[in-house]
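To start, the structure under review is shown below, and the notes come after it.
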Amino acid sequence: MERIFSLPLAGLVVLALAGAGNAACYADYKAKRDKPLRLHYGVMELSDDACRDPALANAEIAERLGAGNWKLLAVMSVFGPDGLKQRELNAGRFFLRY
């Protein structure tokens with residue numbers, strides 16, 4: 001009997017842990033372009049690896065912005081889904097663009 005109940009319980013634990021690892025994270029940042037100088041504030045979703053490592057977050061953000069000819073100036077913060085709504089208006093067209 002013990003084995004019958006432990007397998008479903010183990011499955012639930014694995015599913016719960018897998019779901020926790022897939023929690024989305026986001027970063028808000030400042031970027032610029034030269035000639036003419038243009039600045040923007042934006043928000044982007046990060047990969048799971050970048051969520052866990054600030055150096056990877058900076059590299060990922062810089063690379064994705066670079067594809068659009070933007071240069072990363074600063075990463076303001078890394079946050080969860082609960083911080084999206086309060087940043088959406090300020091980010092404007094750069095909200096989840098990159």
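Test Arg97 against the criterion of being open to solvent by 70 Å² or more (accessible area, probe 1.4 Å), of a type in the set (Lys, Arg) and not in a helix (DSSP H, G or I), and give yes or no.
Considered against the rule, which asks whether it is open to solvent by 70 Å² or more (accessible area, probe 1.4 Å), of a type in the set (Lys, Arg) and not in a helix (DSSP H, G or I), Arg97 comes out as yes.
Taking the range 57-81, which residues are hydrophobic (A, V, I, L, M, F, W, C), within 14 Å of Arg97 (Cα to Cα) and either part of a helix (DSSP H, G or I) or touching a residue at least 60 places away in the same chain (Cβ under 8 Å) (or both)?
Ile61, Ala62, Leu65
What number of residues within the range 31-52 satisfy the criterion of being more than 18 Å from Leu84 (Cβ to Cβ) and over 11 Å from the mean Cα position of the chain (by Cα)?
Selection size over the range 31-52: 9.
Got a sec? Which of Leu39, Leu89 is at pLDDT 95 or above, exposed (fewer than 11 other Cβ atoms within 10 Å of the Cβ) and part of a strand (DSSP E or B)?
Leu39
Return a yes/no flag: does the range 48-56 have any residue that is touching an Asp or Glu at 6+ places or on another chain (Cβ under 8 Å), closer than 14 Å to Leu96 by Cα and open to solvent by 10 Å² or more (accessible area, probe 1.4 Å).
Checked against the condition, which is being touching an Asp or Glu at 6+ places or on another chain (Cβ under 8 Å), closer than 14 Å to Leu96 by Cα and open to solvent by 10 Å² or more (accessible area, probe 1.4 Å), the range 48-56 yields no hits at all.
Modelled with pLDDT of 95 or more, farther than 13 Å from Val78 by Cα and out of contact with any Phe, Trp or Tyr (no Cβ under 7 Å at 6 or more places or on another chain): which single residue out of Ala27, Ala57, Ala62, Ala20 fits that description? Quick ask: steps written out before the conclusion?
On the way: Ala27 fails: farther than 13 Å from Val78 by Cα; Ala57 fails: farther than 13 Å from Val78 by Cα; Ala20 fails: modelled with pLDDT of 95 or more.
Of Ala27, Ala57, Ala62, Ala20, the one residue that is modelled with pLDDT of 95 or more, farther than 13 Å from Val78 by Cα and out of contact with any Phe, Trp or Tyr (no Cβ under 7 Å at 6 or more places or on another chain) is Ala62.
Only residues in the range 86-98 that are under 18 Å from Leu72 (Cα atoms) count as the first member; pair them with residues that are aliphatic (A, V, I, L, M) and open to solvent by 80 Å² or more (accessible area, probe 1.4 Å), Cβ under 8 angstrom, at least 6 apart or cross-chain, and list the lot.
Matching pairs, first to second residue: Tyr98/Ala67.
The values are calculated or read from the model by the stated rules, or taken from the named source; none is laboratory data. If you're wondering where the values come from, they're calculated on a predicted model, not measured in any experiment. Glycine also receives a Cβ, built like all others from the backbone with ideal geometry; neighbour counts cover every protein chain displayed. Heads up: the accessible areas ignore ligands, DNA and RNA and are worked out on the full protein's heavy atoms, side chains in. Shrake-Rupley method; radii C 1.70, N 1.55, O 1.52, S 1.80 Å.
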